[in-house]
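Encoded as structure tokens, the structure appears first; notes follow it.
Derivation of every value follows stated rules applied to the coordinates shown; laboratory data play no part. Because the structure is a prediction, the values reported are computed rather than measured. A quick note on method: Cβ atoms are made from the backbone with ideal geometry, for glycine too, and the neighbour counts reach across all protein chains shown.
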Amino acid sequence: MDDTPALLTLGTTLLCGALAVAGVRTYLAGRQQHAALVERLSDAGDPSRATGTSRPFRRFDRVLRGTRPGRRLELRIASTGLSVTPGDFVLWTGAAAVVLWVVAAVVLAPFFGPLAAVVAVWSAFAFLGRQRRKRIEKFINQLPELARILANATQAGLALRTALGMAAEEMDAPAGEELAAVADRLAVGHSMEDALAELSDRLPSRELVVLVTTLVLSHRAGGSVVRSLRNLTETLEERKETRREVRTQLSQVTATAYVVPLMGIGTLFLMDRIAPGSIDRMTGTALGQLAVIGAFALYGVGFFLIRRLSRVDI
């Protein structure tokens, strides 16, 4: 009796089993290496590593960064220069919303609890926007000095990449930090156009767009950029003074935009102080709740319109 087919089948089965085991081990090893790489990259981008502090809820932060809203929030926080991770921001915002919900429900009326929570979330994101605008404004004020350093470096015969690295070492934050990020991207193989485009995306402004366009065009053409940077330095200095004058002239209007809503909230506390329980009775009916919501909506529209009318693009 011929046992060759049986032996062939057994050998093929053993070979397939060995290959399957090797494939599973290779797959698991690859997943382990991928997880280790992701953890190293997450720790490298963790602000707490730079400050030497421990960060709780690291797993939640890693999961949040893996989602699209988490990545958008991470980019938004990165543009502010704050040492906060997306997970920390979400958790602290949620905790503040819960606390304000309870405080408003106890001090005023249960109806104001959800409104206070919404205000807490809006205030958190408004704080990020304000910090981002302050960082952009500070960076714009440093642009004349940056253009002057680049002009001196290129006039001395240094390459543009070297000039950017030198400016990153000499300048204070935020310009120094942002230019260091550009230099790091150039060091790992990013093109000059891509690295500067990321910089203009993080800190969008007309002045920076002009500077980036000048640098990119000079890098592509290979010509001298000294004269262009000298002229750009003078222009940036003039725009800096103009922006300062406009901001001073509109400071009163900006203060009014914040005072008017605060007066409305203060009126609620004053009314409840004069007649205890009046706010609870007012929000106990559907008509009173609609009136309160309409009043807050009008305050919000007024705040938006005042801020919009006081915004001057230069």
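Which of ARG65, ARG25, ARG247 ends up with the largest GNM mean-square fluctuation for the chain, with Cα atoms connected below 10 Å? Per the Cα network of the chain with a 10 Å cutoff, ARG25 tops the list. Placing unit charges on each Cβ (+1 for Lys and Arg, -1 for Asp and Glu) gives the chain a dipole about its Cα centre, and among LEU287, GLY302, GLY23 the Cα reaching farthest toward its positive end belongs to LEU287. Positive-end ranking of LEU128, LEU100, THR154 along the dipole of the stretch 71-156, with charges on Cβ about the Cα centre, is headed by THR154.
Note on P(r) over Cα pairs in 10 Å bins from 0, in percent: of the candidates (1) 5, 24, 32, 24, 11, 3, 0; (2) 5, 17, 20, 19, 16, 10, 6, 3, 2, 1, 0; (3) 6, 28, 36, 24, 6, 0, the value calculated from this structure sits at (2).
Karplus-derived 3J(HN,Hα) values for the stretch 204-213, using 6.51 cos²θ - 1.76 cosθ + 1.60 with θ = phi - 60°, are x, 6, 5, 4, 5, 4, 5, 5, 5, 4 Hz; glycine and proline are entered as x. Taking 0.36 nm per residue of separation and subtracting the current Cα-Cα distance, fully stretching the chain between VAL106 and ALA20 would add 24.6 nm. Rounded to the nearest whole Hz, the Karplus-based 3J(HN,Hα) values (6.51 cos²θ - 1.76 cosθ + 1.60, θ = phi - 60°) of the stretch 240-256 follow the sequence 4, 5, 5, 4, 5, 5, 5, 5, 5, 5, 9, 5, 5, 5, 5, 5, 4, with x at glycine and proline.
Kirkwood analysis of the stretch 110-224, using all unique Cα-Cα pairs, places the hydrodynamic radius at 15.7 Å. Mean residue ellipticity, 222 nm, helices only, the chain: the sum of -39500 (n - 2.57) across DSSP H runs of n ≥ 4, divided by residue count and rounded to 500, is -28000 deg cm²/dmol. Dipole magnitude for the stretch 126-282: about 380 debye, using +1 per Lys or Arg Cβ and -1 per Asp or Glu Cβ, origin at the Cα centre. Take the Cα of SER83, go 7 Å toward its beta carbon, and the backbone nitrogen atoms of the stretch 154-197 under 16 Å from that spot belong to 173-174, 177. Sorted on the mean count of surrounding Cβ atoms within 10 Å across their residues, most packed first, peptides 72-79, 26-33 read 72-79, 26-33.
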